[in-house]
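**Student:** Let me begin by handing over the structure; questions about it come next.
What follows draws every value from the coordinates through simple rules; no lab data is involved. Please read these numbers as outputs of a predicted model, since none were measured by experiment. Cβ placement follows ideal geometry from the backbone for every residue including glycine, while neighbour counts extend to all protein chains displayed.
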Amino acid sequence: MACIHTRLSVLPAFTGLRKSLPSTSSCSASSSATVSVLSSGFEGSHVASKFSSSIVASAKRFPASPTPSSSSPASSHLNAVSSKAPGELVSSSALPIKPVLETDPLKLWNRYLEWLYQDKDLGLEVDVSRIGFTEDFLEEMKPKFEHAFRSMAELEAGAIANPDEGRMVGHYWLRNPALAPNPYLQKQIVQTIENVLSFAADIVSGKIKPPPCPAGRFTQVLSVGIGGSALGPQFVAEALAPDNPLLKLRFIDNTDPAGIDHQIAQLGHELSSTLVVVISKSGGTPETRNGLLEVQKAFREKGLDFSRQGVAITQENSLLDNTARIEGWLARFPMYDWVGGRTSEMSAVGLLPAALQGINIEEMLEGARLMDESTRRTDIKTNPAALLALSWYWATGGSGSKDMVVLPYKDSLLLFSRYLQQLVMESLGKEYDLEGNLVNQGIAVYGNKGSTDQHAYIQQLREGVPNFFATFIEVLRDRPPGRDWELEPGVTCGDYLFGMMQGTRQALYANKRESITVTINDVNPITVGALIALYERAVGLYASLINVNAYHQPGVEAGKKAAGEVLALQKRVLSVLNDASCKEPVEALTLEEIAARAQAPHQVEMIYKIVAHMVANDRALFAEGNCGSPRSVKVFTGEWERFRQMLERTFRSKFAPKMDSLETYEM
Ligand SMILES: O=P(O)(O)OC[C@H]1O[C@](O)(CO)[C@@H](O)[C@@H]1O
């Protein structure tokens, strides 16, 4: 084992950091959160001062918050170092004191050799040598890892690993059906893969034709879905679709009307040869439902029968499934209760769109299966997912104190960071741990691609706030064999990309910014499958290390509920405005009047926003005032002309004699 020297004495990082949070009692309205940084060093000072201002600000905004929480990674570091009851003080003594990163080139080379994970079969390497963890840290973490490996084995054997939802978690079975806990599930998985392959082959070959063009074949695929029902297919399409696929894949992944119109407009006359794949595990996600309704309207307007071109991927008996069955859509594929959206790339969710583009899904499954074998190992050093989890824990103090910046140096992997954003943040970003302690956990993920972003945010990464660790994704193969050329003597275009990546990795490290490098030989279905499986397992293991449920998303539900409440309020506002506008004369209402009549006297601000949105879309009108002076606006619905006539009548009856004289005078 190489000897890694660390110097622990010089850095009083984080020591003496203290905070108090608003009390949970109802009389805490006047309590204020304070943070004092008594002493800090290295990266701690910035994190601490940033935390200081953010927590004070949030305490001022929400003085009586019953459960003090913060989404800022810097603050969650402090909240989550150990499990604490809401409002309990978190001692700074639990924060790790980090050693200075090794700088001696020879020692670094030895560290690289010692920690390098290489998988020749997959053509994949993981290098964690530029994360500064120590042997002591590794020893300390071993019991946590033993627990994580045990939990993972239980999960794979079919335990209820998602206790809040009472669900099994079976995405590992998708690439190795024999692992599924019963023959029924095993058969279901195998059958689905076969059905995906044969349906895709029939569509691509033209055996199944679009009804409006009996002589032709499907030319486009429009995928409608969001979150885990879109990000995987988007990432894989960007990474692996051939330059000119037989079927081009497009996405509607939002309820943005202009975005939807854009996709439909781009399809143009090819709408008649478009296969529409609607993906939603729950079958009831509003954005996806809206996308479907918009597409169905476009079909109706062109006299097309949507059901003959629609495919549903969803759970059995969901709203979407029932709609597709009753309307007799072209095909339906199952999504399983035991697969989460963000880990569904190897289910029909990811496999069907990929297969339709001619991507070899069997190789993708094989890459994932091979990676699963490696990440099942219970020796940290030979388990690449464990190495990632270990590094994340070290880099973030096990509490998300630093962000994960993902930088693939390959255009085709552009969407990997976006894909990982959901996988990591929706899985790890949790308010409570498995015992119900307030922890505000997570790791913020962002990224784009290199070297492009060296011209955008690398400046800050190298010299600015040291609140991140980087993950470089390196691809060795620049171009398919035989296509390279030297654009200057001895140097290719790809050499520049390589140089940029290596240079950035070095420059960041030289300025004490830690990084992981994941290297793949080539971007192909095997390595893409392996990358997905690698991060799925790393997230699962890390979730065990920090003791959170990685497989639910209660926070998202809160947002959806709040959105539903806004829409419900909008309906009441509309009904109030309609009633007032049906009166003779038309009654224009102030925001306060609307709020009172809508039984929402405390929602004036939201009502203003609802009204402003309706006005911007010609569904209501400001009779008086405008967006610049919300307090003075008066609103009505209906035709402006009707309101103008009403105003004119009122004006005439009130001022008619004077007007007559005025007219006379003017003549
Ligand atoms: O597949 P569905 O049920 O439409 O959900 C889409 C996405 O919405 C979420 O539930 C959260 O918004 C994700 O977890 C999920 O991937």
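**Student:** Test of understanding: ordering Ser417, Ser412 by Cβ neighbours within 10 Å, fewest first, what list do you get?
**Tutor:** Working: Ser417 23, Ser412 17.
Sorted ascending by nearby Cβ count, the order is Ser412, Ser417.
**Student:** Further question: Give me the one-decimal nm value for the distance between modelled label points at Ala215 and Ser282, 7 Å along each residue's Cα-to-Cβ direction.
**Tutor:** Roughly 4.7 nm, to one decimal.
**Student:** Something else now. Highest mean first, how do 569-582, 377-390, 337-350, 454-467 rank when packing is the count of other Cβ atoms within 10 Å averaged over residues? Kindly include the intermediate steps, with their values, before the conclusion.
**Tutor:** Numbers: 569-582: 17.7, 377-390: 21.1, 337-350: 25.9, 454-467: 15.3.
Output ranking for 569-582, 377-390, 337-350, 454-467: 337-350, 377-390, 569-582, 454-467.
**Student:** If you don't mind, another one. Arrange the peptides 202-209, 540-547, 553-560 so that the one whose residues have, on average, the most other Cβ atoms within 10 Å appears first. Working shown, then result.
**Tutor:** On the way: 202-209: 15.6, 540-547: 23.9, 553-560: 13.5.
Descending mean neighbour count gives 540-547, 202-209, 553-560.
**Student:** Further, regarding this structure: Under 5 Å between amide hydrogens, which residues at least 5 positions from Thr471 or on another chain qualify, with H placed 1.01 Å from N in the peptide plane?
**Tutor:** It is Val405, Val406, Leu407, Ile516, by chain and number.
**Student:** Now, a different point. Under a 5 Å amide H to amide H cut-off, with H placed in plane at 1.01 Å, what residues pair with Leu275 once short-range neighbours are removed?
**Tutor:** Thr219, Gln220, Val221, Leu222
**Student:** Fully extended, how many nm does the chain gain between Gln191 and Glu587 (0.36 nm per residue separation, minus their Cα-Cα distance)? Provide the component values of the computation, followed by the final result.
**Tutor:** On the way: separation 396, 0.36 × 396 = 142.56 nm, distance 6.28 nm.
Value of the extension gain: 136.3 nm.
**Student:** A follow-up question, please. For the stretch 171-240, build the charge dipole from Cβ charges (+1 Lys, Arg; -1 Asp, Glu) around the Cα centre, then report which of Pro210, Asn182, Ser229 sits farthest towards its positive end.
**Tutor:** Pro210
**Student:** Ranked highest first by the average count of other Cβ atoms within 10 Å around their residues, in what order do 423-431, 257-265, 489-497 fall? Mind dumping the intermediate values first?
**Tutor:** Numbers: 423-431: 22.7, 257-265: 14.4, 489-497: 12.8.
Those peptides, ordered most packed to least, come out 423-431, 257-265, 489-497.
**Student:** Which of Ile473, Ile160 comes first, and how do the rest follow, when ranked by fewest Cβ neighbours within 10 Å? Display every interim value, and only then the final one.
**Tutor:** Values: Ile473 24, Ile160 14.
Ranked by crowding around the Cβ, least crowded first: Ile160, Ile473.
**Student:** Now, a different point. For a quick check of your reading of the filter: which trypsin sites (Lys or Arg not before Pro) in the stretch 476-518 sit in a DSSP loop and have no more than 16 other Cβ atoms within 10 Å?
**Tutor:** Details: sites: Arg477, Arg483, Arg505, Lys512, Arg513; in loops: Arg477, Arg483, Lys512, Arg513.
When the trypsin sites (Lys or Arg not before Pro) of the stretch 476-518 are filtered for loop state and at most 16 Cβ neighbours within 10 Å, Arg477, Arg483, Lys512 remain.
**Student:** Under the Karplus relation 6.51 cos²θ - 1.76 cosθ + 1.60, θ = phi - 60°, what is the ordered set of whole-Hz ³J(HN,Hα) values for the stretch 464-475, x standing for Gly and Pro?
**Tutor:** Each residue's phi maps through the Karplus curve to give x, 4, x, 10, 8, 10, 9, 10, 8, 10, 10, 10 Hz.
**Student:** Please give me the summed charge of the neighbours of Glu565: other residues whose Cβ is under 15 Å from its Cβ, Lys and Arg +1, Asp and Glu -1.
**Tutor:** Numbers: positive: Lys560, Lys561, Lys571, Arg572, Lys609; negative: Glu557, Glu605.
Residues near Glu565 contribute +3 overall.
**Student:** Within 10 Å of each residue's Cβ, count the other Cβ atoms and sort Asp256, Asp433 from fewest upward.
**Tutor:** Working: Asp256 13, Asp433 20.
Neighbour counts put them in this order, fewest first: Asp256, Asp433.
**Student:** Let me ask something additional. Residues with beta-carbon under 15 Å from that of Asp495, excluding Asp495: net charge, scoring Lys, Arg +1 and Asp, Glu -1? Write out the running numbers ahead of the final one.
**Tutor:** Numbers: positive: Lys410, Arg477, Arg479, Arg483; negative: Glu474, Asp478, Asp484, Glu486, Glu488.
Here the charged neighbours net out to -1.
**Student:** Turning to a different aspect of this structure: Please give me the summed charge of the neighbours of Phe469: other residues whose Cβ is under 10 Å from its Cβ, Lys and Arg +1, Asp and Glu -1. Show your work: numbers first, answer last.
**Tutor:** On the way: positive: Arg130, Lys402, Arg513; negative: Asp403, Glu514.
Residues close to Phe469 contribute a combined charge of +1.
**Student:** At a Förster distance of 56 Å, what's the computed FRET efficiency of Ser629 paired with Glu488, Cβ-Cβ distance as r, to 0.05? It would help to have the intermediate numbers written out before the result.
**Tutor:** Numbers: r = 62 Å, r/R0 = 1.11.
The calculated FRET efficiency here is 0.35.
**Student:** Continuing with the same structure: Write out the chymotrypsin sites (Phe, Trp or Tyr not before Pro) in the stretch 206-274 meeting two conditions: DSSP loop, and at most 13 other Cβ atoms within 10 Å of their Cβ.
**Tutor:** Values: sites: Phe218, Phe235, Phe251; in loops: Phe218.
In loop regions of the stretch 206-274 (DSSP not H, G, I, E or B), there are no sparsely surrounded chymotrypsin sites (Phe, Trp or Tyr not before Pro).
**Student:** Along Cα→Cβ, 7 Å out, is where each label goes; now give me the distance between the ones at His262 and Arg300 in nm to one decimal.
**Tutor:** 2.6 nm
**Student:** Let me ask something else about it. For the stretch 378-386, in order, what is each residue's ³J(HN,Hα) by Karplus, 6.51 cos²θ - 1.76 cosθ + 1.60 with θ = phi - 60°, in whole Hz (x at glycine and Pro)?
**Tutor:** 3J(HN,Hα) across the stretch 378-386, in whole Hz: 9, 9, 3, 5, 9, 10, x, 6, 5.
**Student:** Points 7 angstrom from Cα along the Cβ direction at Tyr496 and Glu373: gap in nanometres?
**Tutor:** Modelled inter-label distance: 4.1 nm.
**Student:** Here's another thing I want to ask about it. Phe251's amide H: which non-local residues (gap 5+, or another chain) put their own amide H closer than 5 Å, with H modeled 1.01 Å from N in plane and none for Pro or chain starts?
**Tutor:** Counting only residues 5 or more places away or on other chains, the set is Ser223.
**Student:** Report, ordered by chain and residue number, the aspartates and glutamates lying within cross-link reach of Lys120, taken as a straight Cα distance under 19 Å and ignoring same-chain residues fewer than 8 apart.
**Tutor:** Glu363, Glu366, Asp372, Glu373, Asp379, Glu474, Asp478, Asp522
**Student:** Taking θ = phi - 60°, what integer Hz values does the Karplus form 6.51 cos²θ - 1.76 cosθ + 1.60 yield along the stretch 339-355, in sequence order, with x for Gly and Pro?
**Tutor:** Whole-Hz 3J(HN,Hα) from phi for the stretch 339-355: 10, x, x, 6, 10, 9, 4, 8, 9, 4, 3, x, 5, 5, x, 5, 4.
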